[in-house]
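Q: The structure that follows is given in the form of structure tokens.
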Amino acid sequence: MKNSIKLLGLLLLISVTFSGLAQTMQDDMEYLASDKLEGREFGSHGALVASKYISKRFKKLGLEPKGTDGYFQELSVKPRYNPHAKVPVDTSKAIIGRNVIGYIDNGAATTVIIGAHYDHLGFGAEGSLYEGDEKLIHNGADDNASGVTVMLQLADWIRGQYPHNNYLFIAFSGEEKGLWGSSWFTKNPTIDLATINYMINMDMVGRLDAEKNLAVYGTGTSPIWHSLIEGIGKDQGFIVKYHPGGIGPSDHTSFYLKDMPVLHFFTGQHADYHKPSDDFDKINYDGMIEVQSFIESVIAQVDSKGKIEFIKTKDEDSKKAPKYSVTLGVIPDYMYDGKGMLISGVKEGRAADKAGIINGDIVIKMGDVEVRDMMAYMEALGKFKKGDKVKVIVKRGEEKVEVEVEF
Ligand SMILES: [Zn+2]
């Protein structure tokens with residue numbers, strides 16, 4: 001009797017703890033991705049409200065303020081002229097935004113940075129893939145309320161543990177504009193950059209699929225990363241997609257460029273990417289907890305290793321990579337590792353769309369080039385110019401379909 005009461009109590013405690021955790025995650029997510037914040041565009045009122053919310057959460061979690069004004073670090077950026085912008089950008093005056101920075105000081109010699117951007121596209125600024133005429137809020141639940149939410153949970157989990165490092169949590173703004181917040185921080189750091197051990201970034205971690213496919217970028221930026229990630233992936237049942245390069249599509253790039261080991265986590269591309277439909281009802285909360293425990297395992301296993309070694313990755317040359325004068329107007333599925341290039345989105349009215357290519361098609365040949373993978377696809381694109389008519393073969397289910405694309 002007594003034992004069963006104890007057991008019941010324990011079960012109750014567990015369920016309360018778990019639902020408490022999930023509730024907090026859900027609270028953070030649903031607030032950050034709510035219409036009230038109007039898509040959190042850099043410099044907007046919505047982004048300001050978001051930054052206040054994050055600073056309150058940092059305070060509640062007991063993090064020390066580590067910005068230039070409490071938790072905030074203001075940045076002021078003059079947008080550059082962009083010939084591709086749908087709406088002309090005023091390049092004459094600077095826009096003000098802010099990073100939000102909190103700190104766990106363990107009195108250690110080295111500090112780990114854990115970051116996630118909180119800004120998004122507002123009502124569909126530059127970068128939106130939405131084609132409709134009506135102005136709609138881009139809530140950016142996966143991109144990147146998910147990363148901020150997991151970062152807040154990590155701050156809670158890490159406190160009081162892993163004492164051989166200090167931890168600096170940064171919610172970046174201006175990522176969508178071109179890594180503004182992270183690049184500002186690395187140029188105007190609020191701690192000595194020489195003491196930074198490594199940086200962990202999360203951008204779009206809210207859509208873990210049933211097979212638990214997880215992309216990890218930067219695995220080549222320290223000699224310890226690959227085997228460590230491989231081990232954790234196996235233990236926790238993930239299918240890890242390794243991207244060794246330190247230069248990638250999010251804020252870790254700014255830190256890599258300052259010669260720091262980085263890891264960037266991403267649960268994969270989807271049809272709602274950069275559209276108003278990236279909403280919180282599509283978020284996989286259990287998946288976010290799984291990503292979080294993956295990252296916590298990284299932090300735990302590195303804790304006693306001292307300052308880890310940095311290595312430069314080959315993608316240094318990527319700046320010299322060919323500039324494409326043409327595009328198909330599709331969103332590739334970066335997680336796909338079968339033969340060809342899988343399309344996860346087709347932009348309306350662009351070359352692929354006009355040729356009849358649809359979502360889910362796998363491009364296997366363009367002109368004379370066999371498209372084995374993403375690299376081959378990009379090489380093939382480099383060969384064409386505007387006005388070219390090119391035969392493209394796609395796999396659609398079991399069928400092979402040939403279309404003519406005009407660039
Ligand atoms: Zn993002």
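The values are calculated or read from the model by the stated rules, or taken from the named source; none is laboratory data. Since the structure is predicted, the reported quantities are computational estimates derived from the model, not experimental observations. Heads up, the Cβs are rebuilt from the backbone with ideal geometry, glycines too, and the neighbour counts pull from every protein chain shown. Remember, those area values only see protein heavy atoms, side chains included, never the ligands or the DNA or RNA. Shrake-Rupley method; radii C 1.70, N 1.55, O 1.52, S 1.80 Å.
Q: Ignoring ligands and nucleic acids, what accessible area does residue 384 show with a 1.4 Å probe (Å², nearest 10)?
A: Result for residue 384: roughly 30 Å² accessible.
Q: Let me ask something additional. So, with a 1.4 angstrom probe, what is the percent of accessible area on the chain that is carbon and sulfur?
A: Roughly 54 percent, rounded to a whole number.
Q: At a threshold of 8 angstrom on Cα-Cα distance, excluding pairs fewer than six apart, so keeping six or more, what relative contact order does region 22-316 reach in percent?
A: Here the relative contact order equals 21 percent.
Q: Next question. Can you list the HN-Hα couplings for region 103-110, worked out from phi with the Karplus curve (6.51, -1.76, 1.60; θ = phi - 60°), rounded to whole Hz and with x for Gly and Pro?
A: 9, 10, 9, 9, x, 8, 7, 10
Q: Right, something else. Check residue 120: other-chain or 5+ apart residues with amide H under 5 Å from its amide H, H built from backbone geometry?
A: 41, 42
Q: Helix hunt in the chain: which complete DSSP H runs extend at least 27 Å axially by C-alpha with mean Kyte-Doolittle at least 0.5?
A: Answer set is 2-32.
Q: Considering only DSSP states other than H, G, I, E and B, which GluC sites (Glu not before Pro) in region 161-241 qualify as loop sites with at most 11 other Cβ atoms within 10 Å?
A: 211
Q: Rank these by accessible area, largest first, 1.4 Å probe: 374, 366.
A: The residues order as 374, 366, largest area first.
Q: At a Cα cut-off below 27 Å, give the lysines reachable from residue 400, other chains included and same-chain residues fewer than 8 away excluded.
A: 339, 347, 354, 365, 383, 385, 386, 389, 391
Q: Just to be sure I understand: with springs between alpha-carbon atoms less than 10 Å apart, which residue in 397, 340, 206 has the highest mean-square fluctuation in the Gaussian network model of the chain?
A: 397
Q: Divide by every residue of the chain the summed helix terms, -39500 (n - 2.57) for each DSSP H run of at least 4, and state the resulting mean residue ellipticity at 222 nm, rounded to the nearest 500 deg cm²/dmol.
A: Per the formula, -9000 deg cm²/dmol.
Q: Taking every pair of alpha-carbon atoms in region 48-192, give the share separated by more than 24 Å as a whole percent.
A: The calculated P(r) of region 48-192 puts 35 percent of pairs beyond 24 Å.
Q: Related question: Over every pair of different alpha-carbon atoms in region 193-248, take the mean of 1/r and invert it; report that Kirkwood radius in Å.
A: This gives a value of 12.4 Å.
Q: Calculate, in whole percent, how much of the Cα-Cα pair population of region 118-263 lies beyond 18 Å.
A: Value for region 118-263: 64 percent of Cα pairs lie more than 18 Å apart.
Q: On average, how much accessible surface per residue is there in the chain, in Å², for a 1.4 Å probe, leaving out ligands, DNA and RNA?
A: With the other protein chains kept in place, the chain gives 47 Å² per residue.
Q: While we're on this one: Have a look at 155, 112, 288 and report the one farthest towards the positive end of the charge dipole of the chain, computed about the Cα centre with Cβ charges (Lys/Arg +1, Asp/Glu -1).
A: So the residue furthest toward the plus end is 112.
Q: Another question about this same structure. Using only alpha-carbon positions, what ratio does the radius of gyration of region 324-406 give when scaled by 2.2 N^0.38 Å?
A: My calculation over the Cα atoms of region 324-406 gives 0.95.
Q: Right, another one. Which translational diffusion coefficient, to the nearest whole µm²/s, is obtained for region 205-313 from the Stokes-Einstein equation, given a Kirkwood hydrodynamic radius over C-alpha pairs, 37 °C and 0.692 mPa s?
A: The Stokes-Einstein estimate is 224 µm²/s.
Q: Which value in Å is the Kirkwood Rh of the chain over different Cα pairs?
A: 22.4 Å
Q: Over region 121-171, what is the mean sequence separation of C-alpha contacts under 8 Å (at least six apart), divided by residue count, expressed as relative contact order in percent?
A: Worked out over region 121-171, it gives 27 percent.
Q: Still on this model: Ranking request for peptides 152-164, 186-198, 254-266: highest mean number of other beta-carbon atoms within 10 Å first, then the rest in descending order.
A: 254-266, 152-164, 186-198
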